[in-house]
Structure formats: structure tokens, C-alpha cells
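**Student:** First the structure, which I've put down as C-alpha cells, then a few questions once you've had a look.
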Amino acid sequence: MDRTQVIAKIQSILKLQQNTTFDGEASAAAAMIDKLCKQYGITISEATETQVLDEEFLTFKRVNAALSLLLNAVANFYDAKAYLKNGDTKSIQVIGSEAQQIQVRLYYDYLVQVMEKEAEVAHKAEKILASLRGDSVSRSFKINFRKAFADKVSHRLQEMKKDEGRVHDDADAVKSKLSAMRFGRAKKMTGANGAGAYAGSNVGAGVSLNRQASGSVAKQLCGV
């Protein structure tokens with residue numbers, strides 16, 4: 001196990017120790033915690049701190065501007081950090097606690113699902129109009145739609161966070177992690193224009209940004 005995994009294990013045992021009503025189980029948990037701390041040189045104070053992870057989120061050969069913008073917007077909304085990592089393969093990483101990682105993934109997946117569905121609907125409608133006009137749909141229609149959608153949603157999330165004064169419980173832990181890191185200057189996405197941009201912006205302006213997760217996840221996706 002690496003250090004992060006050991007700390008995660010200690011935190012799980014600490015929860016067991018705090019919740020158990022059996023003295024023997026509590027004593028066994030305390031002994032296991034002591035053993036792991038000594039074996040891996042970890043203090044209890046360190047073990048109880050919020051663990052901030054640097055997780056690979058997307059990999060690609062060529063950057064997808066709409067997906068990158070959406071991910072960055074959602075990460076910022078939850079006080080996490082998304083950044084581009086260059087190597088043999090490029091990836092977008094997300095720095096945040098386990099809670100932030102889950103929230104970013106759920107909300108990002110929801111927005112991408114809406115974006116792709118609405119892009120298909122708009123493209124089909126545009127094909128009908130193009131047929132009536134006697135011309136063809138621009139090959140960049142969907143690209144422009146997605147970029148405009150992502151841009152509009154990004155601005156709305158920024159405003160929502162500002163207006164509601166949202167601060168994630170793990171924001172300080174992420175700031176502490178980031179203080180020891182250095183990032184290059186990010187390239188700014190060129191604005192969406194041309195065929196599809198107007199439709200994408202309109203959908204982005206109207207899409208609901210407050211959703212409940214389905215299935216076993218009961219918390220509000222926009223919650224902190």
C-alpha cells in the first residue's frame with residue numbers, strides 16, 4: 001500500500017472505532033491504528049486530515065474544448081482544481097478530496113449527457129431546415145453547439161457560486177495542496193461562433209443546474 005492508501009485505511013478504522021459499541025472491537029481498532037501509524041510513519045493528526053487526491057479524469061490525443069471547459073467549470077464550482085498534464089499521453093487531472101471527486105464526476109457526467117443529447121436534437125432540426133432551404137448543414141455545427149453550450153454553462157456556474165457564496169467543506173485542504181504545486185498558463189478557449197453556436201448557447205442558458213442524483217446517491221449534485 002502507498003501512503004495515501006494507508007491513510008485511507010486508518011480513516012476507515014477510525015470510523016469503525018468511533019461507531020462501535022463493543023469495547024473489544026474498539027480496542028482492536030485502536031491497536032491496528034497504532035500498528036499502521038508506526039509501520040508507515042504516519043501521525044494520527046496526519047491520518048485525520050482530509051486527503052486530497054490528484055486523479056486522472058480524461059485522457060486524449062487532442063484536447064476537446066467543450067469537455068475541457070465543462071470539467072474546469074464543474075471543478076471550480078466544487079472548489080477542486082482541474083489541470084492539463086502532459087506526458088506520453090495527455091490527461092486532465094482533478095485535484096480534490098474524495099467527496100469533491102465524486103461530486104465533480106456526477107455533475108460533469110450529467111452535463112455531458114445533456115449536451116450530447118441536445119446537440120443531436122439541434123443537429124436533426126437543422127438538417128430539416130437545411131433540406132427546406134436546399135443547402136447542407138455545416139460540418140462544424142455540433143462542435144460549435146458544444147463549445148457554446150459549455151461556455152454558457154461555465155458562466156452560469158460561476159455566477160451561481162458567487163451569488164450563493166458556495167464554499168466546499170474541503171476547499172482549504174485543496175488550497176493547501178495547490179500551494180505546493182506550480183501550473184503553466186492555461187490556453188484560453190476561442191469563442192464559439194458560426195452554425196450551431198446560437199442553439200448551443202440557448203440550450204446552455206436554459207439547462208437545469210440543480211439536479212438530484214438517481215439511484216443510491218441521494219444528495220443534491222449542486223450541494224457542498
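**Student:** Considering only protein heavy atoms and a probe of 1.4 Å, how much of the accessible area of the stretch 11-166 is carbon and sulfur, as a whole percent?
**Tutor:** Details: 4510 of 9070 Å².
For the stretch 11-166, the apolar C and S fraction of the accessible surface comes to 50 percent.
**Student:** Roughly how far apart, in whole Å, are the Cα centres of the stretch 85-112 and the stretch 62-84?
**Tutor:** Spelled out, the Cα-based centre of one part sits 7 Å from the other.
**Student:** With springs only between Cα atoms under 10 Å, which of Thr89, Thr43, Thr20 fluctuates most in a Gaussian network model of the chain?
**Tutor:** With Cα springs under 10 Å in the chain, the top fluctuation among Thr89, Thr43, Thr20 is at Thr20.
**Student:** Still on this structure: Hey, if you put +1 on the Cβ of every Lys and Arg and -1 on every Asp and Glu Cβ in the chain, which of Thr21, Gln5, Phe57 ends up farthest toward the positive end of that dipole?
**Tutor:** The listed residue farthest towards the positive side: Phe57.
**Student:** Heavy-atom accessible area of Arg133 with all protein chains present, probe 1.4 Å, nearest 10 Å²?
**Tutor:** Approximately 130 Å² of Arg133 is accessible to the 1.4 Å probe.
**Student:** Further question: Rounded if a/c is under 1.5, else prolate if a/b beats b/c, else oblate: with a ≥ b ≥ c from the C-alpha gyration tensor eigenvalues square-rooted, which is the chain?
**Tutor:** On the way: a/c = 2.92, a/b = 2.29, b/c = 1.27.
Prolate, because a/c is 1.5 or more and a/b exceeds b/c.
**Student:** Which of these, Gly204, Gly196, Gly24, has the largest mean-square fluctuation under a Gaussian network model of the chain (Cα springs below 10 Å)?
**Tutor:** Result: Gly24 has the largest fluctuation of those listed.
**Student:** Among the GluC sites (Glu not before Pro) in the stretch 34-98, which ones are in a DSSP loop with at most 16 other Cβ atoms within 10 Å of the Cβ? Mind listing them? Could the numbers behind the result be given before it?
**Tutor:** Details: sites: Glu46, Glu49, Glu55, Glu56, Glu98; in loops: Glu49.
Within the stretch 34-98, the qualifying GluC sites (Glu not before Pro) (loop, at most 16 other Cβ atoms within 10 Å) are Glu49.
**Student:** Return one whole number: the accessible area per residue of the chain in Å², for a 1.4 Å probe.
**Tutor:** Counting only protein heavy atoms, the per-residue value for the chain is 61 Å².
**Student:** So which residue, out of Ala82, Ala30, Ala199, gets the largest mean-square fluctuation from a GNM of the chain using Cα contacts under 10 Å as springs?
**Tutor:** Ala30
**Student:** By its C-alpha gyration tensor, with a ≥ b ≥ c as the square roots of the eigenvalues, how is the stretch 48-138 shaped: rounded for a/c under 1.5, else prolate for a/b larger than b/c, else oblate? Let's see the in-between values first.
**Tutor:** Details: a/c = 4.47, a/b = 2.26, b/c = 1.98.
Cα axes put the stretch 48-138 in the prolate bin.
**Student:** Here's another thing I want to ask about it. Can you compute the helix-only [θ] at 222 nm over the chain? Use -39500 (n - 2.57) per DSSP H run of at least 4 residues, normalise by all residues, nearest 500 deg cm²/dmol.
**Tutor:** On the way: 8 runs with 131 residues, N = 224.
Mean residue ellipticity, 222 nm, calculated: -19500 deg cm²/dmol.
**Student:** From the square roots a ≥ b ≥ c of the eigenvalues of the alpha-carbon gyration tensor of the stretch 1-53, which class results: rounded (a/c under 1.5), prolate (a/b over b/c), or oblate? Each step should come with its number before you reach the end.
**Tutor:** On the way: a/c = 2.41, a/b = 1.62, b/c = 1.49.
In terms of gyration-tensor shape, prolate.
The values are calculated or read from the model by the stated rules, or taken from the named source; none is laboratory data. Bear in mind that the values here come from a model prediction, so they are computed numbers and not experimental data. No Cβ is skipped: glycine too gets one built from the backbone with ideal geometry, and neighbour counts run over all protein chains shown. Note: accessible area is taken over every heavy atom of the protein model, side chains too, but ligands, DNA and RNA are not part of it. Shrake-Rupley method; radii C 1.70, N 1.55, O 1.52, S 1.80 Å.
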